[in-house]
Amino acid sequence: MNKKPHHPIGIFDSGVGGLTVAKAVTELLPQESVVYFGDTAHLPWGDKSVSAIQQYSVRIAEVLLEHQCKVILIACNTASAAAYEAVKQRVGDMAHVINVIDSVVAHVGEHYSGQKLGLIGTKQTVRLDTYRKRISGLNKNIDLHSLATPLLVPLIEEGFLTSPATESIVQQYLRDPAFQDIQGLILGCTHYPLIKSHVQSHFNHAVKVIDSAELVSHALKQSLLAEDLLNAGTLPPKRLFYVSDDSEFFVSMVKLFFDESVHLEAYSLWD
Ligand code: DGL
């Protein structure tokens with residue numbers, strides 16, 4: 001398949017988390033069409049095995065290729081850590097594959113040299129330790145402390161964004177002694193920007209909260225520019241959203257994030 005500027009950008013995640021990335025992408029690149037896939041049938045991914053996460057991710061990448069996506073953006077830290085290579089291998093030169101970890105690592109290397117940082121993410125993101133390996137490879141003397149916070153994705157997917165229960169669990173996680181004196185906290189899961197205010201208020205806004213959405217959107221723009229694939233067309237961009245299982249919360253979040261009338265469909269991954 002020949003990549004063309006008018007082809008869409010494919011974005012996927014286990015559920016609503018990647019919408020934080022999709023929103024940033026459409027704000028920075030409003031002329032681009034987007035096909036989004038939320039694997040609501042299998043979430044949360046963070047507790048699944050690496051091989052399961054790879055299977056889901058590769059299958060979704062195939063669906064996005066069927067839609068002629070010129071780029072596949074893995075809008076999920078868990079899949080970026082567990083399945084980036086597998087997706088790249090499957091996709092080959094049919095599309096460019098971008099993960100959410102690379103641009104955060106580059107940002108941290110540029111701005112947090114010699115500092116102490118925290119990271120919260122899913123069990124697999126923390127277990128695979130991709131951030132720490134990549135950040136220590138920069139040789140910038142950054143001291144990174146990671147903590148798995150597995151209760152957060154289920155709470156968010158249940159719509160508990162502003163509830164006291166979520167706030168109290170966030171507080172409990174962030175009271176971890178490893179997070180004392182940190183200068184920045186990486187939100188190592190694309191769901192977490194949806195509860196960013198709880199994180200910021202825990203630290204009295206004194207700690208920089210780093211999230212991937214804007215950073216990866218800029219990386220995506222650079223890569224489209226470099227490949228001469230930015231869409232300069234005049235047709236209105238399309239926004240397609242697929243879920244692998246019905247989710248009322250997903251529908252409400254899509255409506256909240258994209259006020260235009262979007263196209264949402266259920267898509268069974270294994271038929
Ligand atoms: N939003 C995802 C991430 O960035 C996946 C979370 C999950 O499904 O456990 O890791």
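The values are calculated or read from the model by the stated rules, or taken from the named source; none is laboratory data. These figures come from a predicted structure and were not determined experimentally. Reconstructed Cβ throughout: ideal geometry from the backbone, glycine too, with neighbour counts over all protein chains shown.
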Which number in (1) part of a strand (DSSP E or B); (2) more than 15 Å from the chain's Cα centre (by Cα); (3) not acidic (D, E) marks the one condition that I120 misses? (2)
The range 123-149: number of residues that are within 11 Å of the ligand (Cβ to nearest atom) and in a loop (DSSP other than H, G, I, E, B): 1
Give V63, V21, V25 a once-over and let me know the one that is β-branched (V, I, T), assigned to a helix (DSSP H, G or I) and more than 16 Å from the ligand (Cβ to nearest atom). V63
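Take the conditions at pLDDT 95 or above, closer than 22 Å to Y192 by Cβ and in a strand (DSSP E or B) and apply them to I11. Does it pass? Show your work before the answer.
Numbers: at pLDDT 95 or above: yes; closer than 22 Å to Y192 by Cβ: yes; in a strand (DSSP E or B): yes.
Judged against the criteria, I11 is a match.
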Pairs returned, first residue in the range 7-19 that is touching a residue at least 12 places away in the same chain (Cβ under 8 Å) and of a type in the set (D, E, K, R), second residue that is in a strand (DSSP E or B) and near the ligand (Cβ under 10 Å from one of its atoms), beta-carbon separation under 9 angstrom, 6 or more apart or interchain, are D13/G38; D13/I74
So which residues in the range 28-60 are within 11 Å of the ligand (Cβ to nearest atom), aliphatic (A, V, I, L, M) and part of a helix (DSSP H, G or I), if there are any at all? I53
Output the helices (runs of 4 or more DSSP H) that fall wholly within the range 150-210 and possess 3 or more residues being free of Cβ contacts under 8 Å to residues at least 60 places away in the same chain and within 16 Å of the ligand (Cβ to nearest atom), or say none. 164-174
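For the condition modelled with pLDDT of 90 or more and assigned to a loop (DSSP other than H, G, I, E, B), what is the one hit in D246, D228, D259, D271?
D228
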Being of a type in the set (F, W, Y) and under 18 Å from K208 (Cα atoms) is true for just one of Y131, Y84. Which residue is that? Y131
